[in-house]
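The values are calculated or read from the model by the stated rules, or taken from the named source; none is laboratory data. Keep in mind that what you see is a predicted model, and the values were worked out from it rather than measured. Reconstructed Cβ throughout: ideal geometry from the backbone, glycine too, with neighbour counts over all protein chains shown. Accessible surface is based on the protein model in full, side chains and every heavy atom, while ligands, DNA and RNA are left aside. Shrake-Rupley method; radii C 1.70, N 1.55, O 1.52, S 1.80 Å.
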Amino acid sequence: MEFAGPLADEELEELGDFLMSDITGKESMDISMLDGFLTALAVGPSTLPPSQWMPLVWGGDIAWESQQQAERMMSLVFRHANDILFYLREDPDTFEPLLYEREHEGKQIPVIDEWCAGFVKGMALDEANWRPLIESDEGDEMLYPILLFGTESGWEELRDTPDLAERNEEFAEMLGDCVMAIQAWWLPTRKERSTVRRDESKVGRNEMCPCGSGKKFKNCCGGQKVLH
């Protein structure tokens, strides 16, 4: 697998600022939610085309200011997706979820809600194929922290059970192991399907553009002068 290295802090900040800008939709992801979302896509049972998942990143249709802007932001998302895939497959011991932190009593506390909510969004995009794990006994354990901090029912449980909420740091430390266990659970399925992960340079000209415009790639970001 070709690996160009993780996004630099400046690039993560650039992407994060864009996701929170007025250009994207109200339902656009922040950088931690995006990380969780892309992690779910990386370890799940199916390889989904960018045209299916990229619009969720921006919060729906998006009016790009220029073709250069579209190419730049999509490139950063694709690179981050490939970074996650590389670490999960090639160097799993170094994998860490990208989490926000907040200060509490002079101590930095990880905020895992956004990351878990992003992971759940990734699962929901392919819910039927995720169902065997969700309904399995193993899934109860692997998915528990993610569903606890990433779903409305989980948030209700946290509100009703203060002792659980106080274990925030413990659950944050569990996320990496949960991701690796989920990846291992789905690996035989992915091997059977033997699908090939695309990168940004391999989008077919007649495929839907991954930017979410609803146009074919050749008439959108794959065109020479077409902006949207």
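Extension gain for GLU138 to ASP22 (0.36 nm times residue separation, less C-alpha to C-alpha distance): 37.6 nm. Here each label is just a point 7 Å from Cα along the line to Cβ, and for GLN108 and ARG190 those points are 2.9 nm apart.
Reported to the nearest whole Å, the Cα centre-to-centre distance from region 109-133 to region 1-60 is 14.
Determine the relative contact order of region 67-145: mean sequence separation of Cα pairs under 8 Å and six or more apart, normalised by residue count, in whole percent.
Details: 28 pairs, mean separation 9.7, N = 79.
Relative contact order, region 67-145: 12 percent.
Taking all protein chains into account, the per residue accessible area for region 1-76 stands at 44 Å² (1.4 Å probe). Projecting label points 7 angstrom from Cα along Cα→Cβ for GLU10 and LEU48 puts them 3.3 nm apart.
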